[in-house]
Amino acid sequence: MSAYVIRSGDRAAFIAGLRELADFLTTNPGVLVPRNPSFGVLIDASDPAARREGLEFAAAPLGVPVEDLGEGYYDARRSFGPIAYSFIAIPPEERQ
């Protein structure tokens, strides 16, 4: 068993929801959209090495590097136009 936990959701439901949102926004041009939207998946682990390992595992399919933000925080993100898709590892004490 790995020393990290990835907080992921229902993949099919997420993709269907994105398509539904895109269709809704297309047919309702009066609805405002966010300037810098983002989606994030959290990686939980009690120690920095496990957080980084979990983030590297999750970020590999995105083809982006893991960035050490310091103080136990790690991030990996890929942009699709103005939308960011990211994996985030936060120290345990900050999640409470």
- Message: Looking only at the stretch 68-96, how many residues end up being more than 13 Å from the chain's Cα centre (by Cα), surrounded by 12 or more Cβ atoms within 10 Å (Cβ to Cβ) and assigned to a loop (DSSP other than H, G, I, E, B)?
- Response: 2
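So, in the stretch 65-96, exactly how many residues are under 19 Å from residue 36 (Cα atoms) and of a type outside the set (D, E, K, R)? It would help to see each step written out before you state the result.
Restricting attention to the stretch 65-96, the residues satisfying the condition of being under 19 Å from residue 36 (Cα atoms) are 75-88.
The next check asks that each one be of a type outside the set (D, E, K, R); those that pass are 76, 79-88.
Result for the stretch 65-96: 11.
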- Scanning the stretch 30-53 for residues that are touching a Gly at 6+ places or on another chain (Cβ under 6 Å) and not in a helix (DSSP H, G or I), the one surrounded by the most Cβ atoms within 10 Å (Cβ to Cβ) turns out to be 43
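Quick check: is even one residue across the stretch 11-27 out of contact with any His (no Cβ under 6 Å at 6 or more places or on another chain), part of a loop (DSSP other than H, G, I, E, B) and either over 28 Å from residue 67 (Cα atoms) or of a type in the set (S, T, N, Q) (or both)? Reasoning before the result, please.
Taking the stretch 11-27 as the starting set, the residues that turn out to be out of contact with any His (no Cβ under 6 Å at 6 or more places or on another chain) are 11-27.
Those left that are additionally part of a loop (DSSP other than H, G, I, E, B): none.
Within the stretch 11-27 (the criterion being out of contact with any His (no Cβ under 6 Å at 6 or more places or on another chain), part of a loop (DSSP other than H, G, I, E, B) and either over 28 Å from residue 67 (Cα atoms) or of a type in the set (S, T, N, Q) (or both)), the answer is no, since none of the residues qualifies.
Look at residue 10 and say whether it is closer than 18 Å to residue 83 by Cα, among the acidic types (Asp, Glu) and exposed (fewer than 12 other Cβ atoms within 10 Å of the Cβ).
The answer is no for residue 10.
Does residue 77 count as of a type in the set (D, E, K, R) and within 24 Å of residue 11 (Cβ to Cβ)?
Numbers: of a type in the set (D, E, K, R): yes; within 24 Å of residue 11 (Cβ to Cβ): yes.
So residue 77 fits the description; yes.
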- Message: Condition check: under 15 Å from the mean Cα position of the chain (by Cα), closer than 30 Å to residue 93 by Cβ and modelled with pLDDT under 95. Does residue 51 satisfy that?
- Response: yes
- Query: Of the residues that make up the stretch 54-67, is at least one free of Cβ contacts under 8 Å to residues at least 12 places away in the same chain, within 17 Å of the chain's Cα centre (by Cα) and in a strand (DSSP E or B)?
  - Reply: yes
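The values are calculated or read from the model by the stated rules, or taken from the named source; none is laboratory data. Since we're looking at a predicted model, the values are computed, not measured. We place every Cβ from the backbone using ideal geometry, glycine too, and count neighbours over all the protein chains shown.
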